[in-house]
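The values are calculated or read from the model by the stated rules, or taken from the named source; none is laboratory data. Every value quoted in this text rests on a predicted model; they were computed, and no experiment measured them. All Cβ positions, even for glycine, are placed from backbone atoms using ideal geometry, and neighbour counts span all protein chains on display.
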Amino acid sequence: MTEAKSYKLHYELVSRVLLDKWCVLKTFFENSSEYKHLGIDFLNLLIPICKSQAPEINIWLIHYFQTENDFNNKLDVFHLIVQTTIDPVEDLRANLESMLTDFSRDVISYTPISANKELHIFHKMVTNIPIIRSTIIMKFFIEVYSALPIDIDMSPLLVRFVNNNSEVLQQTFLHSIYEYCCNDSTAFDNRYRIIKNIVPLLFKLCDLAILEKFYEGHICDMLKCKGSLNINMHIFQYVLIELLFLRISIGTPERQDCPIAIAADNPKLLHDFLKFTLDAFKNVSTESNELVRLYKCHAYNALASIIGNSLKTENVYDKLFIRHEASKDILWSGIIDTSKVYDFPITFESIPSRRKVLLSIRDEIRADQKKARERSLCR
């Protein structure tokens, strides 16, 4: 054993022994508010070393969090709560859910003194995502992120989440996102933020086996939603279909015994999804024009994914470019906002002058080369 590894194991053992005595130590840290801050510093030092998940520590942290008024201090305590909370959390559920409900309200209504302060606060909060190991906290982050007043790039955090966590936890995260995005009682703008910013990244990062299990578990629900008239739900389904065919070539000879098709009990799964995407362009809806256009854009993305990954014949590819109903285009007029005037300016006046300069340089080079050849011949 190397000396460095020996020291690491020693530190882990010492940290674990100290944290196991938390019931005794906390009586000291509860003497005053100043000592409570020392308790947080103490836990910040030891918990990352030994990854302790003692329920007594969780209870103390939750109580501290609920009595703390400073928002920045709350974020520091919350970071410790995320690290020490692992499913199952039945003994803590009531306290944890109460704390997260209040915190969610505080985060969404938080008014910083400056835009930079706001960005720092929200970034500090979402950086906890890679270390989440509790379903309750996972759902909290989904709900809060969907309602944040700013956009935050989630790609590096989701990469770390996938790399740091087990297949079971990744499947739980996918399922939690699916439930949230299917919940009609939540504003569609909030759900669409998850659909647009989280779902594509996460579904592309997860291992194929995890993704396949997800679709096996939800394919029947997806087929049921296909028959509804809910455009909001259809948008989510089109995104799921696009990602499904992007990662897994359903209906191809290589996927003869496809577990997803077996779970759906539908040997014509490819055909049904293809029809579902094509039918979107025939849909005449009373919803807002922008929502309908968004709906048809996602239908087109799903159609392109199906054709590009599972269908290779020329006549099918034509469907990507030409769709008519009663001799009128229903494809491009559906996904492009035809009420707008699009201007693609080209600075034609600058092209001749640039070309003239280039031609002049070329002619000078040729003349110099010709003179050089003539001089060499004269010698």
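Of everything in segment 226-236, what is within 14 Å of K275 (Cα to Cα) and in contact (Cβ under 8 Å) with a residue 24 or more places away in the chain? Give them in sequence order.
Our first condition is that a residue be within 14 Å of K275 (Cα to Cα); within segment 226-236, this holds for 226-227, 234.
Answer for segment 226-236, where residues must be within 14 Å of K275 (Cα to Cα) and in contact (Cβ under 8 Å) with a residue 24 or more places away in the chain: K226, H234.
Condition test on Q66, is it of a type in the set (S, T, N, Q), under 23 Å from K8 (Cα atoms) and modelled with pLDDT under 95?
The answer is no for Q66.
Exactly one of (1) outside any helix (DSSP H, G or I); (2) over 28 Å from A299 (Cβ atoms); (3) without any contact (Cβ under 8 Å) to a residue 24 or more places away in the chain is unmet by P156. Its number?
(1)
At pLDDT 75 or above, more than 17 Å from T277 (Cβ to Cβ) and surrounded by 10 or more Cβ atoms within 10 Å (Cβ to Cβ): does that describe D337?
yes
Any residue in segment 139-157 that is surrounded by fewer than 17 Cβ atoms within 10 Å (Cβ to Cβ), of a type in the set (S, T, N, Q) and within 24 Å of L205 (Cα to Cα)?
yes
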